[in-house]
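Participant: What follows is a single structure, and I will ask about it in a moment.
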Amino acid sequence: MLPIMMARNGEMLCVSRIGGRPEVKQHLMDLGFVLGTPVTVIQSQNGAMIVKVKDSKLAITKEMAEKIMVDTMSAAIPQGAGTQVAQA
């Protein structure tokens, strides 16, 4: 888990935690940063970012980006998830 501001351009991530005061958390959730939601970093410059969340592109400040914790998509999927075992 790392702050989204540490991610590289083009990287696909998954929201794993939202920090900050309750009103900040709620604001970020209202923008679409909900646990488990895929996020793609479009551009990052000096901490400020443009990210794609759901069907929207959003600009977020460095302060907001510090509060959004993410995992890589592979780390967010539990091992063995999505596999089915045929039963006889």
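Per-residue answers, yes or no, for (1) surrounded by 14 or more Cβ atoms within 10 Å (Cβ to Cβ); (2) under 18 Å from M1 (Cβ atoms); (3) modelled with pLDDT under 95:
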{"residue": "L13", "(1), (2), (3)": "yes, yes, no"}
{"residue": "E23", "(1), (2), (3)": "no, no, no"}
{"residue": "A48", "(1), (2), (3)": "yes, no, yes"}
{"residue": "V53", "(1), (2), (3)": "yes, yes, no"}
{"residue": "A59", "(1), (2), (3)": "no, no, no"}
{"residue": "M69", "(1), (2), (3)": "yes, yes, no"}
{"residue": "G82", "(1), (2), (3)": "no, no, yes"}
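Participant: Please name all residue pairs, on different chains or six or more residues apart, with Cβ atoms under 6 Å, provided the first residue is in region 1-23 and is in contact (Cβ under 8 Å) with a residue 60 or more places away in the chain and the second residue is in a loop (DSSP other than H, G, I, E, B) and among the aliphatic types (A, V, I, L, M).
Facilitator: From region 1-23, the pairs are L13/A7; S16/M1.
Participant: Give the residues of region 26-79 that are under 9 Å from the mean Cα position of the chain (by Cα) and not in a strand (DSSP E or B), sorted by residue number.
Facilitator: F33, V34, L35, G36, T37
The values are calculated or read from the model by the stated rules, or taken from the named source; none is laboratory data. What you see is a predicted model; the values in this text were computed from it and never measured. Heads up, the Cβs are rebuilt from the backbone with ideal geometry, glycines too, and the neighbour counts pull from every protein chain shown.
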